[in-house]
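Note sheet for the following structure.
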Amino acid sequence: MVDLVHLDYEVITGAATELELLADRLAAAQSAGSPGTHVVPSGAEEVSFLASNHFNEGAMTHDASIAQGIVELRAAAQTLRAQMAEYMAQDGVRAVGIAAVQAVTEAI
């Protein structure tokens with residue numbers, strides 16, 4: 001049963017960092033590209049207003065989806081870090097308990 005679960009702290013924190021970097025790149029791409037997705041009417045007639053409203057509604061939906069994706073990526077990174085910290089703390093407590101049992105059995 002020894003070594004059935006192996007967690008590498010560096011790999012998990014690296015994955016969390018990559019998720020945060022991905023969120024940063026996505027936020028930068030959104031801020032750079034967002035103005036181009038929102039349009040103004042090409043004319044003063046009703047068709048131009050309706051067409052631009054249609055495109056702008058799609059752009060707003062797209063912006064909201066990207067913002068939600070950024071939030072979720074950051075939350076996933078934070079969750080990975082929190083779970084890894086908790087695992088390391090619990091592992092340390094268990095290691096102390098195992099060392100104490102080993103010390104008692106060796107003393108006998």
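Name the pairs: first residue in the range 41-61 and surrounded by 15 or more Cβ atoms within 10 Å (Cβ to Cβ), second residue in a helix (DSSP H, G or I), Cβ to Cβ under 6 Å, at least 6 apart or on different chains?
Pro41/Ser48; Pro41/Phe49; Pro41/Ser52; Ala59/Thr37
Go through (1) touching a Phe, Trp or Tyr at 6+ places or on another chain (Cβ under 9 Å); (2) at pLDDT below 85; (3) more than 16 Å from His62 (Cα to Cα) and name the single condition Val2 misses.
Every listed condition holds for Val2 apart from (1).
Just to be sure, is Ala77 among the small types (Gly, Ala, Ser), under 22 Å from Val5 (Cβ atoms) and surrounded by 12 or more Cβ atoms within 10 Å (Cβ to Cβ)?
So Ala77 passes the test.
Name every residue in the range 70-108 that is among the hydroxyl-bearing types (Ser, Thr, Tyr) and without any contact (Cβ under 8 Å) to a residue 12 or more places away in the chain, in order of residue number.
Scanning the range 70-108 gives Thr79, Thr105.
Tell me yes or no: at least one residue of the range 69-91 is assigned to a helix (DSSP H, G or I), over 24 Å from Ala27 (Cβ atoms) and at pLDDT below 90.
There is at least one residue in the range 69-91 that is assigned to a helix (DSSP H, G or I), over 24 Å from Ala27 (Cβ atoms) and at pLDDT below 90.
The values are calculated or read from the model by the stated rules, or taken from the named source; none is laboratory data. Predicted model only: the values in this text are computed from it and were never measured. Heads up, the Cβs are rebuilt from the backbone with ideal geometry, glycines too, and the neighbour counts pull from every protein chain shown.
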